[in-house]
Amino acid sequence: MLIDDMASRCGEWLRGSGPESDIVMSSRIRLARNLADYPFIQRCTDIDRANIESTVRERLERSESLKDLTFINVADLELIDRQFLVERQLISREHANSDGARAVAIDSNERCSLMVNEEDHLRIQVMKSGFDLEGAWKQIDSLDDSIEEQLTYAFNPNLGYLTACPTNVGTGMRVSVLVHLPALVITKQIEKVFRSLQRINLVVRGLYGEGSQAMGDFYQVSNQVTLGKTEAELVQQVGDVVPVVIDYERKARDFLINEQQNDLFDRVSRAYGTLQNARQISSEETMFLLSRVRMGINLGLIGDLEIPKINQLFIHTQPAHLQKLYQSTLDTDERNVERAKYLKGQLKLSREGDPDQN
């Protein structure tokens, strides 16, 4: 699997399918694991990190059940390729920007990735399109078992899996759902929803996880505590709350349709018009406008576009993706101009009927 080949397609989380996919972009479960024979990453020497990376790669490549994984040496990648993997949600920003031996293993469908030498020795991740936490849990549980057949994890009978950060001790599990909540933002109810989630030990983060800003009205809702709960309980905790968030967003959309239809249509049509006609546009403004258009499609206000195309534009207009598509290094001003050209061309193809659109 070459990064250049990945640039022309979309990953699992942007397929635009799965349950409740008009609001839930993706469901993700992440497991933090460490090898018993090595210290935590913060105490590792450069030799330790290199040995961890080579051990993981060699052991997992032996496994028949893990043969679909392709290893990429992150340390050897150019900055733009590392940023590309961050935008793709296959590695974290911390993994991209750290030093020393580190890698990521990715399956051909980009449904799972395995970061080596991030904050923990292993960060195992599975993503599903739409609201499918049960499917994600089933897949990552099987994947974790296959990895554990090849590697010995750091585990304590009383505490569970041992992790570099105390908040991950226990199951080492983070259950998260990426939701698109433009109507709650427009109706100024989003902060109230966030406060409600925080009271039940759920945390809300931006599109790219911890420390990131909300972009395009996308938010990650995840569990905050891993110790003292089973994996099934954590999946259920998030799984029980997300339908409530979905219901809030649907009610906010109904309110906009019934009570503020002219204002809503104006927001959507202005966003669509700007995307089609702008001469230059930033990635942040693009995300904001695509968010409005995406909501407009789901509410039946735009009839000549489909959600998979909008989801594709979300990722292809990000800085690293745009440069990979153009096969050229572009500064900020150049990206803003080329992004506008790309949007105009892609939206024109969609209106005329793109034969390549899924």
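The values are calculated or read from the model by the stated rules, or taken from the named source; none is laboratory data. None of the values given here were measured: they were computed from a predicted structure. Cβ placement follows ideal geometry from the backbone for every residue including glycine, while neighbour counts extend to all protein chains displayed.
Of note:
- So I315, is it surrounded by fewer than 21 Cβ atoms within 10 Å (Cβ to Cβ), out of contact with any Asp or Glu (no Cβ under 6 Å at 6 or more places or on another chain), farther than 15 Å from Q346 by Cα and modelled with pLDDT under 95: no
- Qualifying residue in the stretch 145-160 (condition: of a type in the set (S, T, Y) and either within 22 Å of Q42 (Cα to Cα) or free of Cβ contacts under 8 Å to residues at least 12 places away in the same chain (or both)): yes
- For the stretch 9-22, a residue qualifies if it is touching a Phe, Trp or Tyr at 6+ places or on another chain (Cβ under 8 Å) and either assigned to a loop (DSSP other than H, G, I, E, B) or outside the structural domain of T163 (by TED's automatic domain parsing) (or both), and the qualifying residues are G18, P19, E20, S21.
- Boolean, V169 is over 19 Å from E119 (Cα atoms), under 25 Å from the mean Cα position of the chain (by Cα) and β-branched (V, I, T): no
- Only a single item in (1) farther than 25 Å from R9 by Cβ; (2) over 23 Å from the mean Cα position of the chain (by Cα); (3) β-branched (V, I, T) is not met by I302, and it is number (1).
- Pairs linking a residue in the stretch 66-78 that is under 16 Å from G100 (Cα atoms) to a residue that is assigned to a loop (DSSP other than H, G, I, E, B) and modelled with pLDDT of 95 or more, with Cβ atoms under 6 Å and 6 or more positions apart or on different chains, are V74/R102; A75/A101; A75/R102.
Every residue, every condition in (1) in contact (Cβ under 8 Å) with a residue 12 or more places away in the chain; (2) within 20 Å of the chain's Cα centre (by Cα); (3) buried (at least 21 other Cβ atoms within 10 Å of the Cβ), yes or no:
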residue: S17; (1), (2), (3): yes, yes, no
residue: S27; (1), (2), (3): yes, yes, yes
residue: I41; (1), (2), (3): yes, no, no
residue: D48; (1), (2), (3): no, no, no
residue: E64; (1), (2), (3): no, no, no
